[in-house]
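Q: Below are the structure tokens for one structure; questions will follow.
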Amino acid sequence: MTDATSLATALPWDGLILGAALATLDDDTGYAAIADAALGWRDGVLTFVGPRDALPDAPERLACEVIEAAGWITPGLVDCHTHLVFAGDRAREFEMRLEGASYEAIARAGGGILSTVRATREASEDELLRQSLPRARALLADGATTLEIKSGYGLDFDNERKMLRVARRVGEALGVTVRTTYLAAHALPPEYKDRADDYITAACEWLPRLHAEGLVDAVDAFCEGIGFSPAQTRRMFDTARALGLPVKLHADQLSDLGGAALAAEFGGLSADHVEYTSEASAQAMAAHGTVAVLLPGAFHVLRETRLPPLDAFRAHGVPMAVATDCNPGTSPLLSMRQAMQLACTHFRLTPEEALRGATVHAARALGLSDRGVLRVGLRADFAVWDVAHPAELVYWLGGRLARHVHAGGVAIRMPG
Ligand SMILES: [Zn+2]
């Protein structure tokens, strides 16, 4: 064997981090922690997860790059519900609401979701990407390595397509996984006023064309009194099923229309919001493996009071995920840690439940089984945090705790 060959075989890993503690989450309960740990990876996949003193050789003979760290390492966070591709913002509307303006007055002044639809339609694809990237970057800087991004502000074929293309470009530009969700059934566009059934017919016709372009990973709808009915949602889901696409649903946020049970009936990946979900629906979710995605940002901004049925979810073994719901109207939230914090304060999740909700359960809500825990063979998606205990992740409000974030083994450049 030549020296060069022995060097190559002696340096099998791309990177190795030493000294931090790991919250692997690779067990049913607890953080599955490893103190004074080592984490190695090659070609984007974890090659070693364990105590430093169990390494098979000296670190410098194992990896090209060896990093000494402190603090804790968790799986990369997975934001499984965002609307982060949009143009404009609704800050002035927020101000008007706080000044006492009514919903009607805000709508008359051009506010509400249709103002976001207007701005998004007017923006070019490049402009929409330019406005959306900083929001995605903020999520990454706070530990996220996987994002879900929905359409739903275009509400016609060309503009839904534009949003989904921008979502794909966000993932390419930042080097992280982006899962796209078709949410044409988000709101009724003005040109279909009082013709919701006709709009659903059109939205069902657009879906196969967008899917054929590789732009759709899942299908969603806003099933609510002020959104679309269960019957209309069912038509959307039937179309998705015929194409072999998984479904998820904005369900039971403001009232119980049986949305979570409907998502479960279709084997849905998740039912999201779920404040008004009944115990029977929770049982249906458990039976079909549908994840409950908690969105405490919208709950917080809307000053809602009805809590999701956490005890029923726990009792029936429904996995609970946490996401930002990043959107301009009801949840302008750019931090997974903040979402986890709100889930703890408003919904009384434990810090461990919040961390599982932001990692392993969120990955499941996206149908991804290759991430969410630290385990050899899974993706090298992880965050190194400046904390003495994982509970600090949901203890601090704001601040910067993420020191390194890696997606597929590659370091995400952190803001200066
Ligand atoms: Zn949403």
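The values are calculated or read from the model by the stated rules, or taken from the named source; none is laboratory data. Fair warning: this is a prediction, and the values are worked out from it, not measured in the lab. So basically every Cβ, Gly included, is an ideal-geometry build from the backbone, and we count neighbours across all protein chains shown. These area figures cover heavy atoms from the full protein model, side chains too; ligands, DNA and RNA do not enter into them. Shrake-Rupley method; radii C 1.70, N 1.55, O 1.52, S 1.80 Å.
Q: Name the single residue, out of those in the stretch 105-161 being of a type in the set (Lys, Arg) and at pLDDT 95 or above, that is surrounded by the most Cβ atoms within 10 Å (Cβ to Cβ).
A: Within the stretch 105-161, the match that is surrounded by the most Cβ atoms within 10 Å (Cβ to Cβ) is Lys150.
Q: Any idea which of Arg375, Arg306 is free of Cβ contacts under 8 Å to residues at least 60 places away in the same chain and among the basic types (Lys, Arg)?
A: Arg306
Q: A further question on this structure: Given the conditions (1) buried (at least 22 other Cβ atoms within 10 Å of the Cβ); (2) over 18 Å from the mean Cα position of the chain (by Cα); (3) outside any helix (DSSP H, G or I), which single one is not true for Asp194?
A: Result: Asp194 passes all but (1).
Q: With Ile73, Ile67 as the choices, which residue is touching a His at 6+ places or on another chain (Cβ under 8 Å) and either under 30 Å from Ala32 (Cα atoms) or open to solvent by 10 Å² or more (accessible area, probe 1.4 Å) (or both)?
A: Ile67
Q: Now, a different point. Looking only at the stretch 115-154, filter to residues that are within 16 Å of the ligand (Cβ to nearest atom) and over 22 Å from Leu210 (Cβ atoms); which one of those is nearest to the chain's Cα centre (by Cα)?
A: The selected residue is Leu139.
Q: When the stretch 205-232 is examined, which residues are found to be part of a helix (DSSP H, G or I) and closer than 22 Å to Thr290 by Cα?
A: Pro230, Ala231, Gln232 - these are the residues of the stretch 205-232 that are part of a helix (DSSP H, G or I) and closer than 22 Å to Thr290 by Cα.
Q: Can you tell me which of Met340, Met414, Met336 is within 15 Å of Ala144 (Cα to Cα) and modelled with pLDDT under 95?
A: Residue meeting the stated conditions: Met414.
Q: Looking for whichever is within 16 Å of the ligand (Cβ to nearest atom), touching a helix residue (DSSP H, G or I) at 6+ places or on another chain (Cβ under 8 Å) and not charged (D, E, K, R) here; the options are Leu84, Leu77. Which one fits?
A: Checking each option against the conditions leaves just Leu84.
Q: Could you tell me which residue of the stretch 110-145 is farthest from Met340 (Cα to Cα), considering only residues that are touching a residue at least 12 places away in the same chain (Cβ under 8 Å) and of a type in the set (Asp, Glu)?
A: That would be Glu122.
Q: Okay, moving on. Just checking, how many residues over the stretch 233-246 are open to solvent by 30 Å² or more (accessible area, probe 1.4 Å), within 12 Å of Asp220 (Cβ to Cβ) and assigned to a helix (DSSP H, G or I)?
A: Number satisfying all stated conditions: 0.
Q: Hey, any hits in the stretch 394-406 for a residue that's in a helix (DSSP H, G or I) and either touching a helix residue (DSSP H, G or I) at 6+ places or on another chain (Cβ under 6 Å) or open to solvent by 30 Å² or more (accessible area, probe 1.4 Å) (or both)?
A: yes
Q: Taking only pairs six or more apart or across chains, which ones have beta-carbon atoms under 8 Å, a first residue in the stretch 62-81 that is within 16 Å of Arg52 (Cβ to Cβ), and a second residue that is acidic (Asp, Glu) and surrounded by fewer than 18 Cβ atoms within 10 Å (Cβ to Cβ)?
A: Val66/Glu60; Ala70/Asp386; Gly71/Asp386
Q: Out of (1) under 15 Å from Ala185 (Cβ atoms); (2) open to solvent by 30 Å² or more (accessible area, probe 1.4 Å); (3) among the basic types (Lys, Arg), the odd one out for Arg209 is which?
A: The number of the failed condition is (1).
Q: Let me confirm something: among Asp89, Asp26, which residue is surrounded by fewer than 16 Cβ atoms within 10 Å (Cβ to Cβ), out of contact with any helix residue (DSSP H, G or I) (no Cβ under 7 Å at 6 or more places or on another chain) and within 27 Å of Gly175 (Cα to Cα)?
A: Asp89
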